1. Might you check whether a residue that is farther than 30 Å from Asn609 by Cα, open to solvent by 20 Å² or more (accessible area, probe 1.4 Å) and among the polar types (S, T, N, Q) occurs anywhere in region 513-532?
2. Can we say Arg235 is of a type in the set (D, E, K, R) and within 27 Å of the chain's Cα centre (by Cα)?
3. Only one residue in Thr256, Thr293 is among the β-branched types (Val, Ile, Thr), within 16 Å of the ligand (Cβ to nearest atom), open to solvent by 30 Å² or more (accessible area, probe 1.4 Å) and touching a helix residue (DSSP H, G or I) at 6+ places or on another chain (Cβ under 9 Å), so which one is that?
4. Say we look at region 383-412 and pick out the residues that are assigned to a loop (DSSP other than H, G, I, E, B) and either under 16 Å from Tyr361 (Cα atoms) or open to solvent by less than 20 Å² (accessible area, probe 1.4 Å) (or both); which of these is nearest to the ligand (Cβ to nearest atom)?
5. Would you pick out the residues in region 125-180 that are more than 23 Å from the chain's Cα centre (by Cα), open to solvent by less than 10 Å² (accessible area, probe 1.4 Å) and among the small types (Gly, Ala, Ser)?
6. Considering Val397, Val482, which residue is over 27 Å from Trp368 (Cα atoms) and more than 20 Å from the chain's Cα centre (by Cα)?
7. Which residues, counting only those in region 400-426, are of a type in the set (A, V, I, L, M) and either more than 21 Å from Ser453 (Cα to Cα) or over 20 Å from the mean Cα position of the chain (by Cα) (or both)?
8. Identify the residue in region 422-438 that is open to solvent by 20 Å² or more (accessible area, probe 1.4 Å) and more than 16 Å from the ligand (Cβ to nearest atom) and, among all such residues, is farthest from Gln585 (Cα to Cα).
Amino acid sequence: MWLPCRCAAKYVAASFSRGVSASFLHALRRNRSSWNAAAFMPESSGFEGVSGRDALHDYSVSHSESFWAAVARQRLSWIRPFDVVQDCDLSQGRISWFEGGKLNVSVNCLDRHVHTCPERVALIWERDEQGSEVRYTYKELLEMTCRLGNLLRRQGVKKGDCVTIYMPTCPLAVASMLACARIGAAHNVVFAGFSAEALAERIRDAQSSTVITVNQGVRGGKITELKRTVDAAVRSCPSVQQVFVAMRTEKQVEMTDRDFVLEEEMLKEDVVCEPAPMDSEDVLFLLYTSGSTGKPKGLVHTQAGYLLYAAFTHRYVFGYHDGDVFGCVADIGWITGHSYTVYGPLANGGTTVLFESTPVYPDPGRYWEMVERLRINQFYGAPTAIRLLIKYGDQWVKKYDRSSLTTLGSVGEPINTEAWEWYNRVVGEGRCPVVDTWWQTETGGICIAPKPSEPDAEIVPGMAMRPFFGIKPVLMDTEGKVLTSNNTSGALCMAQPWPGMARTIHNNHQRFIETYFQPYPGYFFTGDGAYRSEKGYYQITGRLDDVINVSGHRIGTAEIEDVVNQCPAVAESAVIGYSHSIKGQGVYAFVVLKKGVDIQEADISKQLNNMVSEKIAKYACPEFVQFAKRLPKTRSGKIMRRVLRKVVECDLDSLGDLSTLDDPAAVQEIIKGHEKLL
Ligand code: PRX
């Protein structure tokens, strides 16, 4: 049985004692903070004459090396100090920080806090079953991690190997990540909503010999057969030699010779595990994400720079203080879960919530009931959930005490003004800054956010606004020239490297260079467009490529087309994103059937949905399938996606230049077909 035996009363008492008076003290402490740079940020004490947030930001980009060196020395525990702060050349796609330094990430996240405050709560596992949360102290999490680290070592996992973790957000998933870090293996966490095929593709690319999973997942009151998905995946993964299965439920699942019950194996292990001394630039993890073309890419993050950046942004963007409870509700399968559920909070010795459920289970008050019960101080979630909750009405929020909240964060997609206002006014009662944080799997941590700022600086709804320390954004015009004026839009690039950025794409450094460094030589290209306001604030305008964002989940339209085109009835297809009132974007597929196909369109739609769900994940399924005789193409045979997008947006006045169109009648057919579908 997975739940450790504990006295529930202990936790009830603990949450009462942390009640209103604790949050009142927090508020007092915050109001007293001033913008003396060194008082705000102890590591800046050596920066002569720097005072004020903007001056500190200027310093951080103009004296990048001394800035990051000071931060790295202060924030991380090193086994051996680094010799070189950075050795980067964006024109070559070369990024390297803190060379010569040695450290262990799990020691930074666990041991050093165990030395000072072993009984501090590290994790609060907010289980799907409301009101059944379980707390783990730093000491307990270290022990769990050590047992797991010893187990992996005993089973032959070595420094440099890559372990795939296919688990819901839970303590054993966190311990698995940290155990890999402890013994020097890389982890590859795959979102537990991905299908067997998607999982298999990631296991194969990572060449994992070990997979860690659970017997079943529990989310929103529903069971998902995760072990069964792993079984199906590993059939096509010859590299896999062992699968560890944690028991999230009582249900016995089929086990083969290759499978082990994780908890049973852990019990055989010692609670002390020697941490491997790692070089700053050794791989910490791979995380697969979608690009505009080709297969998902395994972005590589390394040890010191990533951890430093996650911890530092967590501390300053959210104003995290010792003793706060940080509630990031993202799944650990995404970068947000990596940086702000696991690594950032734990490196800072924080208490972090592991949210296993959904915003509407058992009812739409779930988030706010949890905020009240766990006394969450910083809440970090996605606009898609906020938009969903708005529909259920304010009463679900107001029912619960939210006085513990100090900051509200938003991530993953643009937050529209209505959602921002509601989050600010209803959830935060107008007293909690809303931080719209822009970043990506590639950036490792938050790059643009309204905070930190001067205490009374304005926050503009729906704008990420201010570059974080060490971040120097630029906007590029279509000719690749830097736009220097304000009140302008362009392609968002970064002019300087920072420690948290990804180092490469696993097994494909050339793709890394081509995707991020060749479009604007000397700069890192984000793939996003942005607007810079008169006052110099940034607002993200959306992707410039064929990547779409469904409920905050990133997916390449090419990946979906690839699956749709595998349907024997389909001749060709074009998938685009369209504006969706809750999900942000939805998937819209145009499909041309092969000649002579005699199947009902509704049946083919169903078949396509099943295929996408089986080969990728449910969230990637097309909401609309429009059947067409042909697609609008240029004379050279390229599908004119721009035209398809305009048709779907019902913006027929801006179809743009159609002179290169092969057959103008195709557009009229598409418009008619779209009208019929609505
Ligand atoms: O298009 C941007 C959008 O999400 C993309 C990154 O997705 P992913 O790597 O999955 O990471 C998501 C969590 C950090 C970006 O290229 N995006 C992320 N945050 C925002 C955003 N778009 C607008 N506003 C944001 N705050």
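The values are calculated or read from the model by the stated rules, or taken from the named source; none is laboratory data. This one's a predicted model, so the numbers in the text were calculated from it and none came from an experiment. Cβ: placed from backbone, ideal geometry, glycine included. Neighbour counts: every protein chain shown. The area values use the complete protein model at the heavy-atom level, side chains included, leaving out ligands, DNA and RNA. Shrake-Rupley method; radii C 1.70, N 1.55, O 1.52, S 1.80 Å.
1. Scanning region 513-532, I find at least one residue that is farther than 30 Å from Asn609 by Cα, open to solvent by 20 Å² or more (accessible area, probe 1.4 Å) and among the polar types (S, T, N, Q), so the answer is yes.
2. Values: of a type in the set (D, E, K, R): yes; within 27 Å of the chain's Cα centre (by Cα): no.
For Arg235, the condition - of a type in the set (D, E, K, R) and within 27 Å of the chain's Cα centre (by Cα) - is not met.
3. Working: Thr256 fails: within 16 Å of the ligand (Cβ to nearest atom).
Just one listed residue meets the conditions, Thr293.
4. Within region 383-412, the first condition is being assigned to a loop (DSSP other than H, G, I, E, B), and the residues that meet it are 393-394, 399-406, 412.
Going one step further and asking which of them are either under 16 Å from Tyr361 (Cα atoms) or open to solvent by less than 20 Å² (accessible area, probe 1.4 Å) (or both), we end up with 393, 399-400, 402, 404-405.
Working: Gly393: 25, Lys399: 28, Tyr400: 26, Arg402: 22, Ser404: 24, Leu405: 19 Å.
Taking the candidates together, the pick is Leu405.
5. Listed by number, the list holds a single entry, Gly149.
6. Details: Val397 fails: over 27 Å from Trp368 (Cα atoms).
Just a single option satisfies the conditions, and that option is Val482.
7. Filtering region 400-426 down to residues of a type in the set (A, V, I, L, M) leaves 405, 408, 411, 415, 419, 426.
Hits for region 400-426 are Leu405, Ala419, Val426.
8. My answer is Arg431.
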